[in-house]
Every structure is written in structure tokens, then in C-alpha cells.
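Working notes for the structure below.
Read-outs throughout are calculated quantities, based only on the coordinates presented, and are distinct from any laboratory measurement. Keep in mind the model is a prediction, meaning the values are calculated, not measured. Methodologically, a virtual Cβ is constructed for each residue, glycine included, from the backbone with ideal geometry; neighbour enumeration extends over all protein chains shown.
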């Protein structure tokens with residue numbers, strides 16, 4: 001995930017803190033940023049590029065499977 005998005009989200013969260021705690025805004029923003037990064041790292045996400053590559057592999061595999069199923073059906077009819 002883009003670090004800019006995490007930074008922006010952490011900033012927004014710290015800005016949402018009640019006015020009485022504004023003096024802690026900098027510390028809260030750093031803590032939010034750390035929690036967000038840690039949580040996203042645990043999700044084991046893949047990049048869009050990796051996803052698209054795997055999507056292509058899956059599509060080719062499905063095509064091969066369909067061709068094999070059709071070939072098997074023809075062979076079974078011929079027996």
C-alpha cells in the first residue's frame with residue numbers, strides 16, 4: 001500500500017481527536033501510522049501487478065482444462 005495513503009489516513013485520524021487532546025496530535029498521528037502499517041503488513045496483501053499476473057495464469061489454466069474436458073468427452077464417445 002502506498003505510504004502516502006497511510007500517512008494521510010493517520011493524519012485524518014489524529015485530526016478527528018477531540019480538541020482537548022490536540023496537544024497529543026503529533027504523538028497520536030505517529031501511533032496511528034504505526035498501527036495502520038502493522039495491521040496492513042499482517043494482511044499479507046499482494047500488489048495489483050501480482051494479482052493481474054495470477055489472474056492471467058488462472059484464465060489460461062481454465063482454458064486448458066476446458067480443452068482437456070472436451071477432448072476427454074470426445075474420446076469417451078469414441079470408445
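In terms of its C-alpha gyration tensor, region 1-45 comes out prolate, because a/c is 1.5 or above and the ratio a/b outweighs b/c. Return one number: the angle in degrees, 0 to 90 and rounded to the nearest 10, between the long axis of the Cα atoms of helix 48-78 and the longest principal axis of the Cα atoms of the chain. For helix 48-78, the angle is close to 20 degrees.
Can you pull the Kirkwood radius for the chain, inverse mean 1/r over Cα pairs, to one decimal in Å?
Details: mean 1/r = 0.0596 Å⁻¹.
It works out to 16.8 Å.
Peptides 27-39, 66-78, 9-21 ordered by packing proxy, namely the average of other Cβ atoms within 10 Å per residue, highest first: 27-39, 9-21, 66-78. Modelled spin-label separation between residue 71 and residue 15, with each label point placed 7 Å from Cα along the Cα-to-Cβ direction: 6.0 nm.
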